[in-house]
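Report on one structure; see the data block that follows.
The values are calculated or read from the model by the stated rules, or taken from the named source; none is laboratory data. Not measured: the values here are computed from a predicted model. Quick reminder, even Gly has a Cβ in these numbers, built from the backbone with ideal geometry, and neighbours come from all protein chains shown.
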Amino acid sequence: MSYLEIIFIFIIGLVLGGGLVWFLVRGKSPINVLAEYNKKRQEKKEKAKNKIVELLAEKGKISHSDIAKEFKLKRATVVRYLDELEQEGRAKQVGRVGQSVFYE
């Protein structure tokens, strides 16, 4: 493949990519698109945190791995959500580190 062909394919890709972006966000300002995305993401996060609180109320106590399996979330995400729930006073960590940690 020659350099000319590579440059041609690259330019075609830029045009098609730009056209796709324009099609998806036409008539919307980038700030509104970002605000809409952030709002949906925050709603999804709050919904997951509320489900965690419901599970805590149902089971009494639960571990990180139980929540990760139940909601198909990554462990780091579960830890972040549980930290936020602790700060909000909606969950309490029992234990300090490792396998002995659970929440109620």
task: Hey, can you tell me all the residues within the range 1-47 that are of a type in the set (Phe, Trp, Tyr) and closer than 22 Å to Glu84 by Cα?
output: Tyr37
- prompt: Which condition breaks for Arg96 when tested against (1) outside any loop (DSSP other than H, G, I, E, B); (2) charged (D, E, K, R); (3) exposed (fewer than 13 other Cβ atoms within 10 Å of the Cβ)?
  reply: (1)
field: The listed residue being at positive phi and either at pLDDT below 85 or assigned to a helix (DSSP H, G or I) (or both), out of Gly13, Gly17, Gly27
entry: Gly27
field: the range 51-81 - residue that is in a loop (DSSP other than H, G, I, E, B) and surrounded by fewer than 14 Cβ atoms within 10 Å (Cβ to Cβ) and, of those, nearest to the chain's Cα centre (by Cα)
entry: Lys74
- prompt: Does Lys45 meet the test of being assigned to a helix (DSSP H, G or I) and surrounded by 12 or more Cβ atoms within 10 Å (Cβ to Cβ)?
  reply: yes
message: Against the condition assigned to a helix (DSSP H, G or I), aliphatic (A, V, I, L, M) and surrounded by fewer than 10 Cβ atoms within 10 Å (Cβ to Cβ), how does Leu34 come out, does it pass?
response: no
query: Just checking, how many residues over the range 29-55 are over 15 Å from Val78 (Cα atoms) and acidic (Asp, Glu)?
result: 2
